[in-house]
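Asker: This structure is in structure tokens; I'll ask about it shortly.
The values are calculated or read from the model by the stated rules, or taken from the named source; none is laboratory data. It should be emphasised that the depicted structure is a prediction, and the values quoted were computed from it without experimental measurement. Cβ placement follows ideal geometry from the backbone for every residue including glycine, while neighbour counts extend to all protein chains displayed. These accessible areas exclude ligands, DNA and RNA; they are computed on the full protein's heavy atoms, side chains included. Shrake-Rupley method; radii C 1.70, N 1.55, O 1.52, S 1.80 Å.
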Amino acid sequence: MCGIIGVLGQLEAAPRILDALKRLEYRGYDSAGLTTLLNGKPIRRRAVGKLGELIKLVARDPAPGTAGIGHTRWATHGAPNVANAHPHAAGPVHKVHNGIIENFRELRAGLEAEGVACQTETDTEVVAQLVAQAMAGGMGPAEAVAATLPRLEGAFALAFLFENEPDLMIAARHGSPLAIGWGEDEMFVGSDALALSPMTSRITYLEEGDWAVVTRSGAEIFDREGH
């Protein structure tokens, strides 16, 4: 069972993400990674094995920035290697995912028929590609995520970052738990309260089918009908 952490903060995100991922190690995993935004540009670091490998990688090759997402992965689709480790990226979209997209083969075939070349063996990348495709068609990030979610079958918790959007994170929950943490001019997303506990004691659990637009000033939560 994978772990998710997202940070829109005032402090460097990578140390906070790594610390939160340590608290999620009980879930079991075979790779770990994070993406931060520095001046709106994504910096991605991923490693196979225990979280210590990612910690060493970030120590050697830092990932600065105050916004970021992180993940510990247990392989379901695709071998445990760096290419398949989260976060996944497509165009301006970076995302992490818990769960399984059951119709990913159908969605991937549709993308490939339209000339989109997927770079991994995972079901997760398909979601990033669909959102990126919607954005390339003129939608904004929230509109693109809202258009993509109804196309997904299975269980998932998702957290998205977007290039050149340092004050935006989008989270969605269908079948897999996901919580939003509230801070002072900071906001967080996590798989459970344990991941968020050192950063905040104010938690909102997304209900089934909810998705949220998160900025440092708060969160706007929508149900599956968009209300």
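Asker: Within region 83-104, count every residue that is of a type in the set (G, A, S) and in contact with a Phe, Trp or Tyr (Cβ under 7 Å, 6 or more places away or on another chain).
Answerer: Adding up the residues that qualify gives 1.
Asker: Could you check how many residues of region 181-210 are touching a residue at least 60 places away in the same chain (Cβ under 8 Å) and in a strand (DSSP E or B)?
Answerer: Count: 4.
Asker: Please pick out the residue among A142, A172, A146, A132 that is aliphatic (A, V, I, L, M), surrounded by 14 or more Cβ atoms within 10 Å (Cβ to Cβ) and outside any helix (DSSP H, G or I).
Answerer: A172
Asker: Would you be able to tell me the number of residues in region 22-54 that are under 17 Å from V82 (Cα atoms), buried (at least 19 other Cβ atoms within 10 Å of the Cβ) and at pLDDT below 90?
Answerer: The total comes to 2.
Asker: Moving on. Quick check: anything in region 7-21 under 17 Å from the mean Cα position of the chain (by Cα), open to solvent by 60 Å² or more (accessible area, probe 1.4 Å) and among the charged types (D, E, K, R)?
Answerer: Yes, region 7-21 has at least one match.
Asker: Return the residues of region 195-208 that are surrounded by 15 or more Cβ atoms within 10 Å (Cβ to Cβ) and not β-branched (V, I, T); say none if nothing qualifies.
Answerer: Result: A195, L196, M199, L206.
Asker: OK, next. Which condition number does G65 fail, the rest of (1) of a type outside the set (V, I, T); (2) surrounded by 20 or more Cβ atoms within 10 Å (Cβ to Cβ); (3) in a strand (DSSP E or B) being met?
Answerer: Of the numbered conditions (1) of a type outside the set (V, I, T); (2) surrounded by 20 or more Cβ atoms within 10 Å (Cβ to Cβ); (3) in a strand (DSSP E or B), the odd one out for G65 is (3).
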